[in-house]
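These notes concern the structure reproduced below.
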Amino acid sequence: MNIDFRTPEYSIHRDGVRCTNCRICVHQCANEAHIWDEKQKKVLADDIKCVNCHRCVLTCPTRALSIGSYPLEFKPNAHWTPHYITSIFKQASSGAMLLAGMGTDKPYPVYWDHLLINASQVTNPSIDPLREPMELKTFLGRKPDSLKIENGKLTEKMPPQLELETPIMFAAMSFGAISLNAMTSLAIAAEKMGTFYNTGEGGLHSSLYKYGKNTIVQVASGRFGVHTDYLWAGSAIEIKIGQGAKPGIGGHLPGEKVGLDVSLTRMIPEGSDAISPAPHHDIYSIEDLRQLIYSLKEATDYSKPVAVKIAAVHNIAAIASGAARAGADIIVIDGFRGGTGAAPLRTRDNVGIPIELALAAVDSRLRSESIRHQVSLVVAGSIRCSSDVIKAIAIGADACYIGSAALMALGCHMCQKCYTGKCNWGIATQNPNLTKRLDPVAGAERAANLLKAWSHEIKEMLGGMGINALESLRGNRLMLRGIGLTEKELSILGVKHAGE
Amino acid sequence: MSRRIDAQGLYYKELNQLVRQAFSEGVTEVLLDNVNGQRYIGDGISGDGSIIIHGTPGNDMAAYMNGLQIVVHGNAQDATGNTMNEGTIIVHGDAGDTVGYAMRGGEIFIKGSVGYRVGIHMKEYMKKNPVIVVGGKAGAFFGEYMAGGILILLGLSGREGYPIVGDYCGTGMHGGVMYIRGQVEEYKLGKEVKIVEMTAEDQSILERYVSRYADYFGYDKEDILAQPFSKLIPYNKRPYGNLYTGV
Ligand code: SF4
Ligand code: SF4
């Protein structure tokens, strides 16, 4: 007898008294975990198919459903945890690499949770943001070495800048990885809130050109959908070198997800695999990076800032310095917790470094080389809330990108199954029966609300520090103190310990 | 209307500004003399004018180009036709690495030889079917990751004693077709490509582009076509289909 070693991760509880056998759950679950049994005339469940996305729980009209961990344990073993045992089962049966969605869920230290924010007491007054002006406006782009002012007017020609009303943008997520409704939600929200969303590497859908003013278009190694209209369509161009969830690894959108619309946007035939090579094969050095940056500037007549997105890896400070010298106007650093539609699991969970340390190292390095002003720093990969944003800015970031948090605003329940194409929340899928579950107008409202709420919180905390412009917090690490950190960690972060 | 620009001593930024300005003023043919390594000539330009280059243009010539015909009387450097969308490039000399990187449409004719990774990640899309014809020899990773389009390699010239194509030819190829004049040893091929019989349709595609090559560079088309070609296609449109399993 051939036994399949897979066991369910979750168990589906159906309250027999509350369930009316209405079959809504059967229709709602794209994983087909709920099954209508015609003979017994009742809904049954197959636990092994459940990914714990809560869709059925939230759509069940009688609240008959709940999902729990499957009550199955291996003999406790601190080394051979269930994760490693079941991984071996899967790989022994498939011979395949493990794939995962979203950012790593491993319990690495979260430095945001070891940083505390300052507030004013007695010696300088705090500010009430509800009644006094409070400035979150942020400009991203290269700043000149000096400012020429004549007759009280700025005469220096400023390099192109992105103007943000709040220091939070929506991170690169491609059409293909996420649905058009998800992208449209973010585009509308970005326009409404005076910030930007990012196309990711999958091109720009024709219906989104109208949000160009609030769009950052991405150029990655596969060059999907990259053509002159695309480059001109956005307000900035981002070269994607790497991604926090999978540094050093390319992308691979399987042919099944390349339907008509995705194919038109990526400019590849329907059903063909969209493979992004691991490196850009025209970039093997900092000099080559400069070549690509300037090929994009030339193509857009030097009218748009060019960003370079790199994953936070061991040598990040030197790489960022090189990118700044190569002519990047904005450097985006993506930490190892950054999300993804699909990444090889072992890479996702083991490669890269935390964004907090990477940011501190890069900001310090650029300052020590006196080139910090030449480039804006945007951090991504792990920002969960407004205080994470504040801490990032105090360490030295100019702005943050949010990806996972933005998707959660749209309904993502972090089941981490984005690579299956069966996202029950209509986000990481191209299946029209699922994508229609996400209404872009309602989605935009939620995503905009999130930014609104965070912006208020940021203003409140700024006011508490006695600061009335975000600009005064940038790189102001004295506004932070560490808690429970080693000397080494404190020195990399450039903060004192609480009590000092 | 045509305009002649002396590129001597001009930084690429100024030179390209002059080129863009010329086209915006209605010039249809721009003649560039004494070009000496200036990058990005024709970068991101749309329309159906032409640029005639005397000298050696620098890297990324015709990147993102969308229309235009560029003729180079000299050699071209790396990444010629990078992510090009439409247009024609004719090089009366050799060209460097990654010619036609990710090009989606248009045609590139190189009289002589090319470097590494030429035709890498070329794609086809709807009516667009990019073509690169190389008259001499090609370095390693020819047609790497190729997802569409046509690569033709003739081996009419090139370094003595070197094979017509380097190692790992067609590695990761998952679309498009290559025609290589003569035999290619199996060991030179990436594991994703195979050699198949030429059909009548292949023959007519080949004839079409070879005769254009012969016209541009003064060869006899019949001579070139007299030798049989090897046709290379990918085994599979999904070479990496079973590589992953979910967690
Ligand atoms: S996968 Fe989601 S919708 Fe399906 S049973 Fe599990 S929780 Fe419910
Ligand atoms: S986007 Fe969808 S599939 Fe991915 S984690 Fe969120 S709910 Fe799950």
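Given a cut-off of under 8 Å on Cα pairs at least six residues apart, what relative contact order in percent is computed for chain A? It would help to have the intermediate numbers written out before the result.
Numbers: 1070 pairs, mean separation 96.5, N = 500.
Averaging sequence separation for qualifying contacts and normalising by length gives 19 percent for chain A.
Which percent, nearest 5, of DSSP beta bridges in the protein assembly as shown are antiparallel?
Given both bridge residues lie in the protein assembly as shown, the antiparallel proportion sits at roughly 30 percent.
Rounded, prolate or oblate: which fits the protein assembly as shown, taking a ≥ b ≥ c as square roots of the Cα gyration tensor eigenvalues, rounded meaning a/c under 1.5, else prolate when a/b beats b/c? Walk me through the numbers before you get to the answer.
On the way: a/c = 2.06, a/b = 1.27, b/c = 1.62.
Here the protein assembly as shown falls in the oblate category.
With solvent modelled as a 1.4 Å probe, how much accessible area in total do chains B and A shield from it at their shared surface, in Å² to the nearest 100? Each step should come with its number before you reach the end.
On the way: alone 11750 and 23170 Å², together 31050 Å².
Summed over both sides, the interface buries about 3900 Å².
Can you give the average number of partner chain beta-carbon atoms within 10 Å of each beta-carbon in peptide A:288-299, as a whole number? Walk me through the intermediate numbers first.
On the way: counts 3, 0, 0, 9, 6, 0, 8, 12, 6, 4, 15, 11.
Mean partner shielding for this stretch: 6.
Spin-label point model (7 Å from Cα, Cβ direction): what's the residue A:471 to residue B:25 distance in nm?
Inter-label distance under the simple model: 4.0 nm.
Ignoring ligands, DNA and RNA, what percent of the accessible area of the protein assembly as shown is carbon or sulfur (1.4 Å)?
Numbers: 16060 of 31050 Å².
Result for the protein assembly as shown: 52 percent of the exposed heavy-atom area is carbon or sulfur.
In nm, what is the difference between 0.36 nm times the number of residues separating residue A:491 and residue A:154 and their Cα-Cα distance?
On the way: separation 337, 0.36 × 337 = 121.32 nm, distance 3.87 nm.
The span from residue A:491 to residue A:154 would gain 117.4 nm if fully extended.
R0 = 22 Å: FRET efficiency of residue A:124 with residue A:483, Cβ-based, nearest 0.05? Don't skip to the answer; put the middle values down first.
Working: r = 23 Å, r/R0 = 1.05.
Computed FRET efficiency for residue A:124 and residue A:483: 0.45.
In the range B:80-106, what residues drop by 50 Å² or more in accessible surface going from the chain by itself to the full protein assembly, probe 1.4 Å?
Buried by 50 Å² or more upon assembly, which counts only protein chains, are B:101, B:104.
Which of the three applies to the range B:1-92, rounded, prolate or oblate, going by the alpha-carbon gyration tensor with a ≥ b ≥ c and a/c under 1.5 meaning rounded?
Rounded shape, in that the Cα axes give a/c under 1.5.
If the label point is 7 Å along Cα→Cβ of residue B:36, which residues in the range A:286-305 have backbone nitrogen under 13 Å from it?
none
Hey, what's chain A come to in accessible area per residue, 1.4 Å probe, Å²?
Working: 21280 Å² over 500 residues.
Per-residue value: 43 Å².
At most 12 other Cβ atoms within 10 Å and a DSSP loop assignment: could you name the chymotrypsin sites (Phe, Trp or Tyr not before Pro) in the range B:1-74 that fit?
On the way: sites: B:11, B:12, B:23, B:40, B:64; in loops: B:11, B:40, B:64.
Passing both the DSSP loop test and the Cβ count: B:11.
Name the long-range amide H neighbours of residue B:124: under 5 Å, sequence gap of 5 or more, or other chain; modelled H, no Pro or chain starts.
B:148, B:149
Using only the alpha-carbon atoms, how far is helix A:386-395 inclined from the longest principal axis of chain A? Give it as 0 to 90 degrees, nearest 10.
40
For the Cα atoms of chain B, what angle does the longest principal axis make with the long axis of helix B:12-24, in degrees from 0 to 90, nearest 10?
For helix B:12-24, the angle is close to 80 degrees.
Just checking the output field for B:57-66: average partner chain Cβ neighbours within 10 Å of each residue's Cβ?
Details: counts 0, 1, 6, 8, 1, 0, 8, 12, 3, 4.
For peptide B:57-66, the averaged partner shielding equals 4.
Can you tell me the orientation of helix B:200-217 relative to chain B, as the angle in degrees between its alpha-carbon axis and the longest Cα principal axis, to the nearest 10?
That works out to roughly 30 degrees.
Run through the range A:73-175 and list the GluC sites (Glu not before Pro) located in a DSSP loop whose Cβ has at most 10 other Cβ atoms within 10 Å.
Values: sites: A:73, A:135, A:150, A:156, A:163, A:165; in loops: A:73, A:156, A:165.
Hits after loop and neighbour filter: A:73.
Could you work out the relative contact order of the range A:10-96? I mean the mean sequence separation of Cα pairs under 8 Å and 6+ apart, divided by the number of residues, in percent. Working shown, then result.
Working: 100 pairs, mean separation 29.6, N = 87.
Relative contact order of the range A:10-96: 34 percent.
Using 7 Å Cα-to-Cβ label points, what is the residue B:128/residue B:215 separation (nm, one decimal)?
Distance between the two pseudo-spin positions: 2.4 nm.
Rounded, prolate or oblate: which fits the range A:335-410 when a ≥ b ≥ c are the square roots of the eigenvalues of the alpha-carbon gyration tensor, with rounded for a/c under 1.5 and prolate only if a/b beats b/c? The partial results should precede the final answer.
Values: a/c = 2.50, a/b = 1.49, b/c = 1.67.
Because a/c hits 1.5 or more and a/b fails to exceed b/c, the range A:335-410 counts as oblate.
Gap in Å between the Cα centre of the range A:28-73 and the Cα centre of the range B:173-247?
52
In the range B:121-148, whose amide N lies under 14 Å from the spot 7 Å out along Cα-to-Cβ of residue B:237? List them in ranges.
In the range B:121-148, the label zone of residue B:237 (backbone N under 14 Å from the point 7 Å along Cα→Cβ) covers B:124-126, B:147-148.
Which Cys residues of the protein assembly as shown have no other Cys beta carbon under 4.7 Å away?
A:19, A:22, A:29, A:50, A:60, A:385, A:400, A:412, A:418, A:423, B:169
Whole angstrom only: what separates the Cα centroid of the range A:161-210 from the Cα centroid of the range A:333-402?
20
Kindly report the accessible area of the range B:54-122 per residue (heavy atoms of protein chains, probe 1.4 Å, no ligands, DNA or RNA), in Å². The partial results should precede the final answer.
Values: 1360 Å² over 69 residues.
I get 20 Å² per residue for the range B:54-122.
Pairs of Cα atoms under 8 Å, at least six residues apart: use those to get the relative contact order of the range B:98-247, whole percent. Mind dumping the intermediate values first?
On the way: 379 pairs, mean separation 28.9, N = 150.
In percent, rounded to a whole number, it is 19.
Can you give the log10 of the normalised intensity I(q)/I(0) at q = 0.15, 0.26 Å⁻¹, computed with Debye over equal Cα scatterers of the range A:10-96?
Log10 I(q)/I(0), no solvent term: -0.66, -1.27.
Residue separation times 0.36 nm, minus the C-alpha to C-alpha distance between residue A:146 and residue A:433: what's the value? Intermediate values should be presented prior to the final figure.
Details: separation 287, 0.36 × 287 = 103.32 nm, distance 5.56 nm.
Net length gain for the segment: 97.8 nm.
Just to be sure I understand: of the beta bridges DSSP finds with both ends in chain B, what percent are antiparallel, rounded to 5? Show your work: numbers first, answer last.
Working: 9 of 51 bridges.
The answer is about 20 percent antiparallel.
Within the range A:47-145, which trypsin sites (Lys or Arg not before Pro) sit in a loop by DSSP and count at most 12 neighbouring Cβ atoms inside 10 Å? It would help to have the intermediate numbers written out before the result.
Details: sites: A:49, A:55, A:63, A:90, A:131, A:137, A:142; in loops: A:63, A:131, A:137, A:142.
The qualifying sites are A:63, A:131.
With 22 Å as the limit, write out which pairs from A:240/A:297; A:106/A:257; B:137/B:188; A:192/A:213; A:106/A:309; B:128/B:237 have Cα-Cα distances beyond it, or answer none. Each step should come with its number before you reach the end.
Values: A:240/A:297 15 Å; A:106/A:257 28 Å; B:137/B:188 14 Å; A:192/A:213 11 Å; A:106/A:309 24 Å; B:128/B:237 18 Å.
Check vs 22 Å cut-off fails for A:106/A:257; A:106/A:309.
The values are calculated or read from the model by the stated rules, or taken from the named source; none is laboratory data. Predicted model, so just to flag it, every value in this text is computed and none were measured. As a convention, Cβ positions derive from the backbone with ideal geometry for all residues, glycine included, and neighbour counts pool all protein chains shown. Accessible surface areas use protein heavy atoms only, side chains included; no ligands, DNA or RNA. Shrake-Rupley method; radii C 1.70, N 1.55, O 1.52, S 1.80 Å.
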